[in-house]
Amino acid sequence: MSTSSQSPLRSVAVFCGSTPGKNPGLMDAAYEAGRVIAERGLVLVYGAGGGGLMGAVSQGALDAGGEVVGFIPTLMVEREWGRSDLTEFHVVDTMHTRKAGMAERADAFLALPGGLGTLEEIFEVWTWRTIGYHSKPVGFLDVDGFWRPLLDALRGISDAGFVRGSVIDDAVVEPTIERALDALAARCTVTGQQLRPGF
């Protein structure tokens, strides 16, 4: 199912690693994700990085003729971690401003494989959704089961009484970019969907 022009899903913020990781297939999956996002007519919003999975996802979208909007702090530009050949390239003061800009521009959030930064970014917007700061859907592209250990750990935390099971169930978890985008779009079309505040 392709995302129609009538869908509230018009842009997707992608969080992912700034390094390639050890599995070469992850770079291919990131490139494919960018390509499919662009081919569906969606805007890719991301952290404007030029290396690793960040570079791959943006390149996939650009090669497919898509719009790519990047936000990056000045410090990272000074360290030459960014790429400016984007549709929009926003240099901001802090990481907080970067994340706020991405959150504002996106209709949904998707985590590809990554490290601490990726985890911090997806957990923040997931928390915001849970406590009612926004109703934008959150998801994980579970390439080769990458996110399964994390999700299993979250189930354990839920069993311990610190996260409601409905919060975990609310997140999109799909093995392919096509299925992930379909699920995010479906959640965008559910008007008034909002979780009861609390974890």
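Taking the options 156, 117, 161, name whichever one is open to solvent by 20 Å² or more (accessible area, probe 1.4 Å), among the small types (Gly, Ala, Ser) and in a loop (DSSP other than H, G, I, E, B).
161
For the range 1-84, list the helices (runs of 4 or more DSSP H) that sit wholly inside it and hold at least 2 residues that are under 14 Å from residue 181 (Cβ atoms) and either open to solvent by 10 Å² or more (accessible area, probe 1.4 Å) or aliphatic (A, V, I, L, M) (or both); which are they?
Hits in the range 1-84: 24-39, 52-63.
Hey, among the residues in the range 120-149 that are among the aromatic types (Phe, Trp, Tyr) and either touching a Ser or Thr at 6+ places or on another chain (Cβ under 9 Å) or outside any helix (DSSP H, G or I) (or both), which one's most open to solvent (accessible area, probe 1.4 Å)?
It comes out as 133.
Quick check on the range 69-83. Is at least one of its residues over 14 Å from residue 13 (Cα atoms) and modelled with pLDDT of 95 or more?
From the range 69-83, those over 14 Å from residue 13 (Cα atoms) are 73-83; that's our starting set.
Next, only the ones that are modelled with pLDDT of 95 or more stay: none.
So far as the range 69-83 goes, no, none of its residues is over 14 Å from residue 13 (Cα atoms) and modelled with pLDDT of 95 or more.
Which residue pairs have Cβ atoms closer than 7 Å, lie 6 or more positions apart in sequence or on different chains, and pair a first residue in the range 102-114 that is within 24 Å of residue 150 (Cα to Cα) and of a type in the set (Phe, Trp, Tyr) with a second residue that is open to solvent by less than 20 Å² (accessible area, probe 1.4 Å) and part of a loop (DSSP other than H, G, I, E, B)?
The qualifying pairs do not exist here.
The values are calculated or read from the model by the stated rules, or taken from the named source; none is laboratory data. Keep in mind it's a predicted model, so treat the numbers as computed, not measured. Cβ coordinates were reconstructed from backbone atoms using ideal geometry, including for glycine residues, and neighbour counts include every protein chain displayed. Only protein heavy atoms, including side chains, enter the accessible area calculation; ligands, DNA and RNA are left aside. Shrake-Rupley method; radii C 1.70, N 1.55, O 1.52, S 1.80 Å.
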